[in-house]
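Scroll down for the structure; my scribbles are underneath it.
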Amino acid sequence: MERKIGVYICECGPNISEKIDIDKVIDAISPYEDVSVVEKFKLLCSADGKKFLEEQIKKNKLTHLVVAACSPKEHEKTFMEVCENAELNPYLFQLANIREQCAWITEDKNEATKKAIRLIKAAIGRVRYHSSLEKIEIDSIPDVLVIGGGIAGIEASLQLARPDRKVYLVEKTSSLGGLVKNFEKTFLGMKPVSDIVNEKIHEIEKNENIKVFTDSEVEEAIGFFGNFEVNIKRTNEETEPVELSVGAVILATGATLFNPEKNPEYGYGKFDNVLTSLDFEKMNLTGKILLKDGTTPKSVSIIHCVGRKDKEYCSEICCMYSLKFIRYLKDKLPNISVQNFYSDLVIPGKTDQKFYEETKEKNVDFIRSSNISVAKKGNQLNINYTDENNNKKSLLTDMIILSPALEPTNDASKIAEITGVSRDDEGFFAEEHEKLNPISTSTEGIYIVGCAKGPKNISDTIVQAEAASGKILSSLIPGRKLEPEVKTSYISESFCIGCKTCLSVCSYGAIIFDEAKKVSVVNEVICRGCGNCVAACPSGAATIKHFKFNQLYQELREAVK
Amino acid sequence: MNKLKGALIHVKSNIGNTIIDLLEKSIDKGIFDAVIVPMKVPAGDSFVYVLVKDKSLIKDGVPLPPTMFVQGAKAVSSVTRLGEGNMKIAAVIRPCETRATIELSKFGQTNLENFTIISMDCPGVLPTSDFLKDPEKNMEIFNEAVKNWDDKKMRPVCQICDKSSMVSGDLHIGTLGAKKDTCFIISNSEKGNDIAEKLGINLKDNLDSWQTQVKKLSEEKKKKRIKAHKELKSKVEGIDNLVESFSQCINCHNCMRVCPVCFCRLCYFDSDKVKHNADDYLTRAEIKGSMRFLPDTTLFQMGRMMHMSLYCVSCGACEDACSMDIPVAQIFSMIADQTQGLFDYVSGRSLDEPVPLVAYKKEELHEMEDAND
């Protein structure tokens with residue numbers, strides 16, 4: 001095949017032209033094999049630049065295109081679109097990064113020019129061996145599966161449901177509402193919350209685009225963004241699982257409290273009137289704060305950070321709801337004395353701090369302490385502790401509220417296994433990137449919201465539910481076809497030895513094993529082209545399209561020659 | 001890892017016959033349906049692995065043959081490469097063959113579900129070319145060497161083998177440290193314990209004398225190994241020496257074909273991927289001034305080294321098969337010690353040890369990081 005490679009060098013205004021002698025680069029590249037045209041342009045990503053490129057490709061009947069410009073992160077897609085417009089397969093194009101990796105990192109114009117020549121030669125060496133890759137399109141299903149009927153799942157379901165998008169909301173308990181439905185008020189605003197949650201549940205119930213499955217669990221979820229096959233099973237009935245197809249999945253499985261019985265020094269489960277924060281929320285919601293014997297407590301102690309040492313992380317919300325408890329107590333029993341035993345107070349943000357200052361004024365003790373242990377003394381509870389000055393002290397109280405750490409719900413591991421979403425060191429679902437992709441997971445189309453990815457307050461949970469809904473609404477549009485990754489991996493049947501190593505390293509569940517042929521097979525629609533299988537394959541059977549051995553070899557050869 | 005358990009038993013005439021006896025008894029008791037054991041070929045000049053179903057033929061087995069014509073792991077793998085069978089089979093193979101079998105099992109190239117591996121303290125094997133010069137005489141030389149644990153005539157890698165008593169199969173016959181007319185039966189797995197129980201062998205004896213002797217021998221060999229590798233390194237280190245070392249390679253790929261852990265179905269170097277068009281060769285000749293043919297012989301060796309050194313068990317089969325007398329096994333054993341050492345990995349030590357390519361550790365290989373970081 002006769003190759004006609006066009007090389008276009010972008011001056012990027014002064015960004016590249018000031019640091020690289022572009023004319024010298026053109027002289028060096030021009031005589032190169034298969035190169036039929038080398039040109040420079042002021043700004044190739046501009047409207048004029050794109051038009052120029054498109055005309056050049058057509059006019060010179062180019063078979064391959066090399067653009068020497070900025071990082072592929074910046075404009076690879078731009079130039080691939082130009083190729084498409086000029087009817088050149090966009091994968092017959094290679095971008096040489098002579099800005100970030102060259103012009104911007106040195107003051108030495110001579111060296112920068114030499115490196116630019118190498119990088120462009122490497123791109124030419126590589127592009128020669130590129131093959132056309134064709135886009136594929138698949139139908140997508142706009143419906144969404146939401147796992148977990150707490151505030152996160154409720155909010156996401158309400159955001160997503162519409163006539164052309166069904167939502168299936170699966171809750172393992174018998175009712176919706178999660179932890180939040182037990183809360184009388186929210187912290188900061190001290191606004192009623194359980195009523196609002198009940199309203200939202202009512203809205204869900206009357207919304208005909210939301211189908212709620214209570215007492216149910218997801219048994220299976222196989223597939224890929226736009227097309228997951230899901231099985232839902234009722235937990236206490238011997239019925240056949242319900243089979244559904246959805247385009248996206250939201251994990252909103254929430255969190256649960258660390259069991260304080262694991263730290264027996266707090267006396268939970270041993271002594272009366274030692275409650276967890278959730279026990280106390282529930283009691284408060286009844287409107288009456290009472291001791292076991294039916295009398296009203298005169299003093300209450302709140303112990304923070306229960307289980308923090310075991311879990312090795314701060315649960316973020318306990319300090320704030322502990323302050324809220326003080327408000328509950330003072331509102332209902334104005335004369336009550338309240339002590340807070342804490343090791344560190346975590347009160348971030350502009351409004352939280354104010355809430356703390358205001359709560360502190362209500363004649364409450366904040367005692368920084370360690371080595372807390374609880375014993376029974378008469379009808380009361382005795383808290384032994386070491387204070388900030390290392391003095392051993394004790395205090396008598398009527399009631400103790402423990403603020404335990406939050407931990408993943410016990411079905412998290414099963415859901416992780418079913419969906420293939422990995423978990424972090426603490427057992428919560430792991431996001432794709434903690435800062436840049438905080439609600440996405442390694443599997444496209446599966447999102448995590450709320451406490452399922454770590455302790456979180458209600459407003460952050462709502463924000464995440466809205467964010468995940470936004471992602472789904474903008475990408476999973478009814479009727480629109482999906483374009484899966486084309487730079488996928490494939491496994492050579494003649495090289496594959498059937499060791500299944502690739503199955504164990506594939507993050508996307510994209511590889512299946514053909515038992516008849518004893519070889520691994522990649523499902524190209526699920527494969528995201530990460531390259532794990534290529535790196536791990538002991539017999540060199542796995543290859544990624546567009547990163548073939550020969551393409552890399554030729555690129556490297558030119559770069560180091 | 002399993003704690004070794006063992007029993008001291010009486011040896012009838014020689015170790016070989018004791019193993020044969022055990023196999024026969026096991027067949028009688030229905031523990032195994034068949035055995036894989038080396039046998040002498042009718043011509044008397046070679047030994048092959050035979051899958052024996054007829055109990056009366058087991059007596060012809062030679063559990064400790066003087067040479068290794070076929071690496072035992074290849075025999076075991078041939079039987080179960082396509083999955084476990086219904087038959088319970090015992091294979092009598094050497095420790096390096098056992099280790100290669102374990103590696104193959106990690107890559108799904110053999111299925112050990114219904115297999116019991118029986119190994120023994122290994123005195124080494126004679127190079128096949130030496131053996132073939134006079135099989136009868138060499139059989140005597142080998143038997144004599146076994147008695148005195150003398151490795152001077154064995155394969156060069158056997159002479160520096162520090163894992164000749166490594167137990168990684170199910171049962172192991174220990175002769176080191178055992179008094180005259182006795183040997184140890186050592187179990188390394190539940191399967192092994194089970195078989196011993198069915199055979200009425202009580203695994204309660206003290207293994208100290210065997211372990212002490214194994215440790216002593218292994219330490220001596222380790223010293224020899226380090227010394228030999230050091231000398232070898234000076235000869236092959238650097239690109240010029242490396243090319244020189246493999247300069248006689250005729251690209252026959254014998255080393256690859258006999259290698260027990262060369263598990264690829266199709267060798268990359270046998271595939272069309274290494275066949276280039278004339279223009280490519282011309283370009284290469286132009287860059288270097290000239291180009292030798294057959295091309296890429298050193299590349300083949302290095303490619304194989306890159307693939308296999310993590311799993312190499314230093315059995316020496318490649319070197320025996322090399323018609324050009326290139327010390328392939330010695331070079332591979334040196335590289336293997338280093339690459340496996342990087343990952344604290346010993347090929348074939350245990351079935352439970354994942355191969356380094358898939359074992360993810362958060363903290364490792366800091367020594368490979370840029371010193372300026």
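Per this entry, A:Glu237 is not counted among residues that are at pLDDT 95 or above and acidic (Asp, Glu).
If you go through segment A:410-448 and keep only what is hydroxyl-bearing (Ser, Thr, Tyr), surrounded by fewer than 20 Cβ atoms within 10 Å (Cβ to Cβ) and in contact (Cβ under 8 Å) with a residue 24 or more places away in the chain, you end up with A:Ser422, A:Ser440, A:Ser442. From the list A:Val82, A:Val67, the one residue that fits, being part of a helix (DSSP H, G or I), closer than 22 Å to A:Lys545 by Cβ and among the aliphatic types (A, V, I, L, M), is A:Val82.
Consider A:Arg126 carefully, then state whether it is touching a residue at least 24 places away in the same chain (Cβ under 8 Å), open to solvent by 30 Å² or more (accessible area, probe 1.4 Å), over 21 Å from A:Leu476 (Cβ atoms) and among the basic types (Lys, Arg).
So A:Arg126 fails the test.
Among the criteria (1) away from chain B (no Cβ under 14 Å); (2) in contact (Cβ under 8 Å) with a residue 40 or more places away in the chain; (3) within 30 Å of B:Glu84 (Cα to Cα); (4) not in a loop (DSSP other than H, G, I, E, B), the one A:Val521 does not fulfil is (2). In the set B:Arg265, B:Arg284, only one residue is within 12 Å of chain A (Cβ to nearest Cβ), within 22 Å of the chain's Cα centre (by Cα) and basic (Lys, Arg); that residue is B:Arg265. When segment A:3-20 is limited to residues that are assigned to a loop (DSSP other than H, G, I, E, B) and open to solvent by 10 Å² or more (accessible area, probe 1.4 Å), the one that is farthest from A:Thr106 (Cα to Cα) turns out to be A:Arg3.
Of the residues B:Glu367, B:Glu363, the single one that is outside any loop (DSSP other than H, G, I, E, B) and open to solvent by 60 Å² or more (accessible area, probe 1.4 Å) is B:Glu367.
Condition check for A:Lys50 on (1) in contact with a strand residue (DSSP E or B) (Cβ under 8 Å, 6 or more places away or on another chain); (2) buried (at least 16 other Cβ atoms within 10 Å of the Cβ); (3) over 28 Å from A:Thr106 (Cβ atoms): one failure, at (1). Just one residue in the set A:Glu426, A:Glu444 is more than 14 Å from chain B (Cβ to nearest Cβ), assigned to a loop (DSSP other than H, G, I, E, B) and under 11 Å from the mean Cα position of the chain (by Cα); that residue is A:Glu444.
Cβ-Cβ contacts under 9 Å between residues 6 or more apart (or on different chains), taken from a first residue in segment A:348-371 that is under 19 Å from A:Ile336 (Cβ atoms) and not assigned by TED's automatic domain parsing to the domain that holds A:Asp460 to a second residue that is assigned to a helix (DSSP H, G or I) and at pLDDT below 90, are listed as A:Phe366/A:Lys360. How about segment B:143-175: which of its residues are crowded, with 21+ Cβ neighbours inside 10 Å and over 18 Å from the mean Cα position of the chain (by Cα)? Passing the criteria: only B:Thr175. In summary, A:Lys435 fulfils each of the numbered conditions (1) assigned to a loop (DSSP other than H, G, I, E, B); (2) in the same structural domain as A:Gly177 (by TED's automatic domain parsing); (3) in contact with a Pro (Cβ under 8 Å, 6 or more places away or on another chain) with the single exception of condition (3).
A:Phe41 passes every criterion in (1) closer than 22 Å to A:Gly125 by Cβ; (2) buried (at least 18 other Cβ atoms within 10 Å of the Cβ) apart from (1). You will find that of A:Glu243, A:Glu217, A:Glu203, the residue that is closer than 24 Å to A:Gly427 by Cα and in contact (Cβ under 8 Å) with a residue 12 or more places away in the chain is A:Glu217 and no other.
Do you know which of the residues in segment B:76-132 that are basic (Lys, Arg) and either open to solvent by less than 20 Å² (accessible area, probe 1.4 Å) or under 24 Å from B:Cys318 (Cβ atoms) (or both) is farthest from the other protein chains (Cβ to nearest Cβ)?
Just the residues of segment B:76-132 that are basic (Lys, Arg), to begin with: B:81, B:88, B:94, B:99, B:106.
Cutting the leftovers down to either open to solvent by less than 20 Å² (accessible area, probe 1.4 Å) or under 24 Å from B:Cys318 (Cβ atoms) (or both) gives us B:81, B:94, B:99, B:106.
Details: B:Arg81: 9, B:Arg94: 24, B:Arg99: 17, B:Lys106: 8 Å.
The qualifying residue farthest from the other protein chains (Cβ to nearest Cβ) is B:Arg94.
Figure legend. Inter-residue proximity from segment A:285-306: first residues closer than 20 Å to A:Phe183 by Cβ, second residues basic (Lys, Arg), beta-carbon distance below 6 Å, spacing 6+ or different chains. Indicated pairs: A:Ile289/A:Lys332.
Quick check, is A:Lys181 part of a strand (DSSP E or B), of a type outside the set (A, V, I, L, M) and either modelled with pLDDT of 95 or more or farther than 26 Å from A:Thr443 by Cβ (or both)? Against the criterion (part of a strand (DSSP E or B), of a type outside the set (A, V, I, L, M) and either modelled with pLDDT of 95 or more or farther than 26 Å from A:Thr443 by Cβ (or both)), A:Lys181 does not qualify.
Among the residues of segment A:473-500, count how many are within 14 Å of chain B (Cβ to nearest Cβ) and at negative phi. Before you say what the answer is, go through the steps one by one.
Quick first cut of segment A:473-500, residues within 14 Å of chain B (Cβ to nearest Cβ) only: A:491-500.
Next, from what is left, pick out any that are at negative phi: A:491-497, A:499.
Number satisfying all stated conditions: 8.
Within segment B:270-281, being more than 10 Å from chain A (Cβ to nearest Cβ) and either among the polar types (S, T, N, Q) or buried (at least 17 other Cβ atoms within 10 Å of the Cβ) (or both) holds for one residue alone: B:Asn277.
Condition check ((1) within 23 Å of A:Glu524 (Cβ to Cβ); (2) open to solvent by 70 Å² or more (accessible area, probe 1.4 Å)) across all residues:
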residue	(1), (2)
A:Leu396	no, yes
A:Ala465	no, no
A:Ser474	no, yes
A:Ile477	yes, no
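Restricted to segment A:501-512, and to residues there that are crowded, with 16+ Cβ neighbours inside 10 Å and at the interface with chain B (Cβ under 10 Å from one of its Cβ atoms), the residue that is farthest from the chain's Cα centre (by Cα) is A:Thr501. Taking each residue of segment B:220-246 that is closer than 16 Å to B:Cys158 by Cβ and looking for partners that are open to solvent by 80 Å² or more (accessible area, probe 1.4 Å) and part of a helix (DSSP H, G or I) with beta-carbon atoms closer than 9 Å, six or more apart or interchain, yields B:His229/B:Gln338. I need the full set of residues from segment A:218-246 which are of a type in the set (A, V, I, L, M) and open to solvent by 20 Å² or more (accessible area, probe 1.4 Å), in order please. Across segment A:218-246, the qualifying residues are A:Ile222, A:Val242, A:Leu244.
So, in segment A:524-559, exactly how many residues are part of a helix (DSSP H, G or I) and either at the interface with another protein chain (Cβ under 9 Å from one of its Cβ atoms) or in contact (Cβ under 8 Å) with a residue 12 or more places away in the chain (or both)?
Of all residues in segment A:524-559, those part of a helix (DSSP H, G or I) come to A:532-536, A:549-559.
Still in the list and also either at the interface with another protein chain (Cβ under 9 Å from one of its Cβ atoms) or in contact (Cβ under 8 Å) with a residue 12 or more places away in the chain (or both): A:532-536, A:549-552, A:554-559.
Within segment A:524-559, residues that are part of a helix (DSSP H, G or I) and either at the interface with another protein chain (Cβ under 9 Å from one of its Cβ atoms) or in contact (Cβ under 8 Å) with a residue 12 or more places away in the chain (or both) number 15.
Assessment of segment B:240-262 against the conditions (within 14 Å of chain A (Cβ to nearest Cβ), more than 23 Å from B:Met68 (Cβ to Cβ) and open to solvent by less than 90 Å² (accessible area, probe 1.4 Å)) yields no matching residue.
If we keep just the residues of segment A:180-217 that are of a type in the set (S, T, N, Q) and open to solvent by less than 50 Å² (accessible area, probe 1.4 Å), which is nearest to A:Ile232 (Cα to Cα)?
If we filter segment A:180-217 for residues that are of a type in the set (S, T, N, Q), which is where we start, we get A:182, A:186, A:194, A:198, A:207, A:209, A:214, A:216.
Then drop every residue that is not open to solvent by less than 50 Å² (accessible area, probe 1.4 Å), which leaves A:182, A:186, A:194, A:207, A:209, A:214, A:216.
Details: A:Asn182: 27, A:Thr186: 33, A:Ser194: 28, A:Asn207: 20, A:Asn209: 18, A:Thr214: 10, A:Ser216: 7 Å.
Looking at residues that are of a type in the set (S, T, N, Q) and open to solvent by less than 50 Å² (accessible area, probe 1.4 Å), I get A:Ser216.
Within segment A:132-147, the set of residues being in a loop (DSSP other than H, G, I, E, B) and either in contact with a helix residue (DSSP H, G or I) (Cβ under 7 Å, 6 or more places away or on another chain) or without any contact (Cβ under 8 Å) to a residue 12 or more places away in the chain (or both) comprises A:Ser132, A:Leu133.
The values are calculated or read from the model by the stated rules, or taken from the named source; none is laboratory data. Note that the structure is a prediction, hence the values are computed from the model and not measured. A quick note on method: Cβ atoms are made from the backbone with ideal geometry, for glycine too, and the neighbour counts reach across all protein chains shown. Ligands, DNA and RNA are stripped out before the accessible areas are found, and what is left, the full protein with its side chains, is counted by its heavy atoms. Shrake-Rupley method; radii C 1.70, N 1.55, O 1.52, S 1.80 Å.
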